[in-house]
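Single-structure report; data block below.
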Amino acid sequence: MKINSKDRAKAQWDAADVPLLEVSDLKTWFEVKRGIFSRKAEQIRAVDGVTFSLMANETIGLVGESGCGKTTLGRTLLGLEAASGGSVFFRGEPLLTLSHRRMKAMRRRLQVVFQDPLSSLNPRMNVMDIVTEGLLQFRMLTDSREVHAKRLLREVGLDEEMIYRFPHEFSGGQRQRINVARAISLRPDLIICDEAVSALDVSIQAQVINLLLSLQQRHHLSYLFISHDLSVVSNIADRIAVMYLGRIVEIGKTIDIIEKPLHPYTRMLIAAIPVAGQKRVDQEMVTGETPSPAAPPNGCHFHPRCPEAMPVCRHAEPPEAWKNGHYVCCHMYRPNSG
Ligand code: SF4
């Protein structure tokens, strides 16, 4: 395969030992007006001080229940929501303060695959136009649109003769492959997959995950894989970050998170994974509802649901502890370095 100058620049970045994406103390707060004449304002802290980094060719799985802020985090990184504080560096550039022009150029390197394969495709455009639209916008067409579209369809395991069909003529799994083809068309560095397989049947989920893994190897991609399903995430992620009420409460290598989870919330999520042929009546199943991010509990946000809660958890913010690259935020673990 011919290597162009853009691919060479990407390979140089891949070789560097610095994070592709560095997120520090990122906050996305929304103000909601309530009451008579909308005078009373409430602050929804959807993302409330998130810090993590992602290396080139790495996949981080971001898990948590609905409403924990994981989708808002992804949308903030994409510039679809305005950040309220913190910083985001992508390829060493400060994403949150980039000019509109520079941000547009950067968007080529930062792509997304959304949950609903049908609504994220324009029903009036055929597949060729959908998957080559970005190439046209960014003036990256080196051949006819037809040639590019056929290559992209082959890459995602679809018949190249389908390029003139419209989205409604495909199954859910095929549509998600088209979304993936569109995402990789611009040779991005990072793809944010927001519940990208959640709407698919289990067998199709596995196929799309295998496709993402093979594309990652071929194109040196990084993924931020957002999902509520820890078992799905564990099949694709190198590391897993667990999010609760706008904050990351634990992050570590996938094997450590699955086999040696530290945070009580992570343990509850793992206990909730269904096992074929087993009825689960587990003590550690997730119980209770997630509190409103407009009025998070004092101290540890998780204390009303935590089976391990201690008196200190009700009033003091839990400390952050790192050990061998495993991060946890809980009063049960003493801070140390590692
Ligand atoms: Fe549970 Fe306390 Fe740890 Fe929070 S800090 S997870 S309430 S033990």
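The values are calculated or read from the model by the stated rules, or taken from the named source; none is laboratory data. Since the model is a prediction, treat every value here as computed from it, not as a measurement. Positions of Cβ are generated from backbone atoms using ideal geometry, with glycine treated the same way; all protein chains shown enter the neighbour counts. Accessible surface areas use protein heavy atoms only, side chains included; no ligands, DNA or RNA. Shrake-Rupley method; radii C 1.70, N 1.55, O 1.52, S 1.80 Å.
Comparing SER231, SER119, SER53 in a Gaussian network model of the chain where C-alpha atoms under 10 Å apart are linked, the largest mean-square fluctuation is found at SER119. For the chain, give the percent of accessible area contributed by carbon and sulfur heavy atoms, probe 1.4 Å, rounded to a whole number. The nonpolar share, carbon plus sulfur, comes to 51 percent. Among GLU65, GLU250, GLU146, the residue with the largest mean-square fluctuation in a Gaussian network model of the chain, with springs joining Cα atoms closer than 10 Å, is GLU146. Full extension of the chain between SER144 and THR97 yields a length gain of 13.3 nm, computed as 0.36 nm times the residue separation minus the alpha carbon distance. Most simply put, the chain has about 65% antiparallel DSSP beta bridges, counting only bridges with both residues inside it.
With a cut-off of 12 Å between beta carbons, the residues surrounding ASP194 carry a summed charge of 0, where Lys and Arg count +1 and Asp and Glu -1. Residues whose amide H comes within less than 5 Å of that of ASP116, counting only those at least five positions distant or on another chain, are absent (H built at 1.01 Å from N in the peptide plane). Model label sites at SER203 and ALA271, defined 7 Å from Cα along the beta-carbon direction, differ in position by 3.4 nm. Between ASP17 and MET106, the simple label model (points 7 Å from Cα in the Cβ direction) yields a spacing of 2.6 nm. When the chain is treated as a Gaussian network with alpha carbon springs shorter than 10 Å, the biggest mean-square fluctuation among ILE130, ILE60, ILE191 belongs to ILE130. Protein heavy-atom accessible surface, 1.4 Å probe, per residue over region 141-254: 36 Å². Residues in region 83-100 carry Karplus couplings, in order, of 6, 9, x, x, 9, 9, 10, 10, 6, x, 9, x, 4, 6, 10, 5, 5, 4 Hz; the curve used is 6.51 cos²θ - 1.76 cosθ + 1.60 with θ = phi - 60°, and Gly or Pro positions show x.
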